[in-house]
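Participant: Structure below; questions to follow.
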Amino acid sequence: MSKIVVLRSLMADVQTESLIAALEAAGFEVICIESLEELMALLASEDPDEIVLVILLSINCEENSDLESAVNACAQAGARVVGIWPRTVNKEAQLPDCLIEKGSSVTTTNPASIKAAITGDTPIWEAPNGDLRPVPPLRRNKCR
């Protein structure tokens, strides 16, 4: 089973708890890490195919300098990145460029959608209101 990772430095504590609750409701066990350095160590010590970084797509995350670094590190290592729109997000919110370019899926807080996005059977790309958005072109190659 995948290791679901939440990077606390990308969001406020109340947002972190809300995200963890949504992930647990979808049936996942969550690993919380505090820093980008911990994420880098995890990517180096574990099989990146088993790691899924989950990011709550709040207004704060795009302003956070660790967001692009975390997404790039995961993509470079071959780990997946899933964005989740919170219920309270502005329905006109824009997806950060780094997730458009290197993300695996983006979904709402619906537990079934979260589960499908994380398992990765089919990429899910949703707008904040839950409508489907076009799947961005894949711009990376995964080497083995």
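Participant: Rounded to the nearest 500 deg cm²/dmol, what is the calculated helix-only ellipticity per residue at 222 nm for the chain, with -39500 (n - 2.57) per DSSP H run of length n ≥ 4? Let's see the in-between values first.
Facilitator: On the way: 6 runs with 55 residues, N = 144.
Dividing the helical sum by the residues of the chain leaves -11000 deg cm²/dmol.
Participant: Please compute the net charge surrounding V6, taking Lys and Arg as +1 and Asp and Glu as -1 over other residues with Cβ under 12 Å from its Cβ.
Facilitator: Value of the local net charge: -4.
Participant: If we count other beta carbons within 10 Å of each Cβ, what is the order of E68, E63, fewest first?
Facilitator: Working: E68 16, E63 9.
If I rank by nearby Cβ atoms, fewest first, I get E63, E68.
Participant: Here's another thing I want to ask about it. Between S45 and D66, what is the FRET efficiency for a Förster distance of 25 Å, r being their Cβ-Cβ separation, to the nearest 0.05?
Facilitator: Working: r = 19 Å, r/R0 = 0.78.
Computed FRET efficiency for S45 and D66: 0.80.
Participant: Using r as the Cβ-Cβ distance of L132 and E92, and R0 as 25 Å, what FRET efficiency do you calculate, to the nearest 0.05? Numbers along the way, then the final one.
Facilitator: On the way: r = 16 Å, r/R0 = 0.65.
Efficiency at R0 = 25 Å is approximately 0.95.
Participant: Moving to a separate point now. What does the charge dipole of the range 1-112 about its Cα centre add up to, to the nearest 20 debye, if the Cβ of each Lys and Arg holds +1 and the Cβ of each Asp and Glu holds -1?
Facilitator: Dipole magnitude for the range 1-112 comes out near 380 debye.
Participant: Starting from 0.36 nm per residue, how many nanometres of slack lie between E29 and T122 once their C-alpha separation is accounted for?
Facilitator: 31.4 nm is the gain from fully extending E29 to T122.
Participant: Starting from the eigenvalues of the Cα gyration tensor, five times each then square-rooted, give me the equivalent ellipsoid semi-axes of the range 38-86, largest first, whole Å. It would help to have the intermediate numbers written out before the result.
Facilitator: Details: eigenvalues 80, 27, 12 Å².
Result for the range 38-86: semi-axes of 20, 12, 8 Å.
Participant: Another one. I need the P(r) histogram for the chain: all alpha carbon pairs, bin width 5 Å from 0 out to the longest distance, whole percents.
Facilitator: 2, 10, 22, 26, 23, 13, 3, 0
Participant: Around G130, with a cut-off of 13 angstrom between Cβ atoms, what is the net charge of the other residues, counting Lys and Arg +1 and Asp and Glu -1?
Facilitator: Values: positive: R87, K91, R133; negative: E126, D131.
For residues surrounding G130, the net value is +1.
Participant: Pairs of Cα atoms under 8 Å, at least six residues apart: use those to get the relative contact order of the chain, whole percent.
Facilitator: Details: 246 pairs, mean separation 31.0, N = 144.
Reported relative contact order: 21 percent.
Participant: Sticking with this structure for a sec: Of all beta bridges DSSP finds with both residues in the chain, what is the antiparallel percent, to the nearest 5?
Facilitator: On the way: 1 of 18 bridges.
That works out to approximately 5 percent antiparallel.
Bear in mind that the values in this text are calculations on the coordinates, not laboratory data. Quantities reported herein were computed from a predicted structural model and do not represent experimental measurements. Virtual Cβ from ideal backbone geometry, glycine too; neighbours counted across all protein chains shown.
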